[in-house]
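Let me begin by presenting the structure, written as structure tokens, before commenting on it.
We did not get these values from a lab; they are worked out from the coordinates using the rules stated. Everything numeric in this text was worked out from a predicted model, so none of it was measured. Backbone-built Cβ (ideal geometry, glycine too); neighbour counts: all protein chains shown.
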Amino acid sequence: MSQIETTKTTEATETSTSEESTERKWPVTVTLKHPIDVGDKHIETITLRRGSLKQFKGTKLGEAVPIEQLMLIASRLSGQPIGVIESLDMEDAGEVMAAALDFYEKCLKAGKERSRP
């Protein structure tokens, strides 16, 4: 392999490695700074698993995501009832919603990339 090919290969590897390192690793566990009690359950962590298309059932895809849809997606990814997600303190909700939004945006981005000619 020539020096130019080696450099290009190294650059491509470094680029793909840095892109992979910025991607969220699933499952995502959020340790609640403000644990909640729902019924007889004391919840200290919320774990969101890697989702599938099924998590979008009944939601509308688009650039702007209503908070209700993000809460529904977070509920589905975590297996927690929507009431648990709604009860989260805003600090904890921010982390949980960020994970749900990452999932949403990744799916939306994948659809756009595939629809390009």
Filter result for the condition that a residue is out of contact with any helix residue (DSSP H, G or I) (no Cβ under 8 Å at 6 or more places or on another chain) and of a type in the set (Ser, Thr, Tyr), over 59, 31, 47: 31
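Filter the range 45-99 down to residues that are of a type in the set (Ser, Thr, Tyr) and part of a loop (DSSP other than H, G, I, E, B) and give me whichever is surrounded by the fewest Cβ atoms within 10 Å (Cβ to Cβ).
Result: 52.
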